[in-house]
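**Student:** A single structure is presented below for examination.
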């Protein structure tokens, strides 16, 4: 009986160590700047947009959906920051949603930055390329003016947290 308990404890320790190494490796990878993946998504009028349109600006890409309460909670703060930093920073909302739902939301909220429609799969694929390995939303990515992803965050992001990333880049 003791032998089985010892084997179980050793197996559990090995599993824990493996998970720890994997998480540390992922944490290290997430901290390395990487080039922004190319993409093009349409806006609410069907006009395609790509990041090159805002070349030289700091980009804040926010993956969101109208059915996501945490996503909707972030948007007013992002609108305020867009107004505050509009000369050097461009927020871009990438909706993992359908165009009609986003149009209704935009009519009610009047978001002051571009809302692009990626649909579900294309948006999640791009977010995954940008480090969102768990397909969480909201998911926010900061790209410096040289086009390198320097920060990403899964889950709700406060204005103050985002300012600590963006302000040194200004």
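What follows is calculated from the coordinates using simple rules that are stated; it is not laboratory data. If you're wondering where the values come from, they're calculated on a predicted model, not measured in any experiment. Here the Cβ positions follow ideal geometry from the backbone for every residue, glycine too, while neighbour counts run over all protein chains shown.
**Student:** Helix 2-31 against the longest principal axis of the chain: what's the angle in degrees, Cα atoms only, rounded to the nearest 10?
**Tutor:** Taking Cα atoms only, the helix is inclined about 30 degrees.
**Student:** Treating the angle as unsigned and between 0 and 90°, give the value, to the nearest 10°, between the Cα long axis of helix 69-85 and the longest Cα principal axis of the chain.
**Tutor:** With rounding to tens, the tilt is 50 degrees.
**Student:** If I model a spin label at residue 129 and residue 100 as a point 7 Å from the Cα along the Cα→Cβ vector, what separation in nanometres do I get?
**Tutor:** 2.9 nm
**Student:** Let me ask something additional. Please work out the FRET efficiency for the pair residue 49 and residue 7, using the Cβ-Cβ distance as r and a Förster radius of 45 Å; give the result to the nearest 0.05.
**Tutor:** Efficiency, from the Cβ-Cβ distance: 0.20.
**Student:** So, one more: Suppose R0 equals 22 Å; then what is the FRET efficiency for residue 38 and residue 120 from their Cβ-Cβ distance, rounded to the nearest 0.05?
**Tutor:** With R0 = 22 Å, the Cβ-Cβ based efficiency is 0.65.
**Student:** Ok, one more. Hey, what's the Cα Rg ratio for the chain versus the globular rule of thumb, 2.2 N^0.38 Å?
**Tutor:** That works out to 1.24 for the chain.
**Student:** Evaluate Rg over Rh across the range 109-170, taking Cα atoms for both radii and Kirkwood's formula for Rh.
**Tutor:** Rounded to two decimals, Rg/Rh equals 0.97.
**Student:** Let me ask another. Just to confirm my numbers, what's the Cα centroid distance between the range 141-170 and the range 38-106 in Å?
**Tutor:** Using only Cα atoms to place each centre, the spacing works out to 14 Å.
**Student:** If you don't mind, there's one more thing I want to ask. Calculate the spin-label point distance for residue 88 paired with residue 169, positioning each point 7 Å from the Cα along the beta-carbon direction, and give it in nanometres.
**Tutor:** 1.1 nm
**Student:** Which value in deg cm²/dmol, rounded to the nearest 500, describes the helix-derived mean residue ellipticity at 222 nm for the chain, given -39,500 (n - 2.57) per DSSP H run of n ≥ 4 and division by the residue count?
**Tutor:** Dividing the helical sum by the residues of the chain leaves -14500 deg cm²/dmol.
**Student:** Between residue 67 and residue 161, how many nm apart are label points set 7 Å from Cα along the C-beta direction?
**Tutor:** About 2.4 nm, to one decimal.
**Student:** Can I ask one more? Compare the peptides 44-53, 146-155, 91-100, 106-115 by average per-residue count of other Cβ atoms within 10 angstrom and give them in order, highest first.
**Tutor:** The most tightly packed comes first, giving 91-100, 146-155, 106-115, 44-53.
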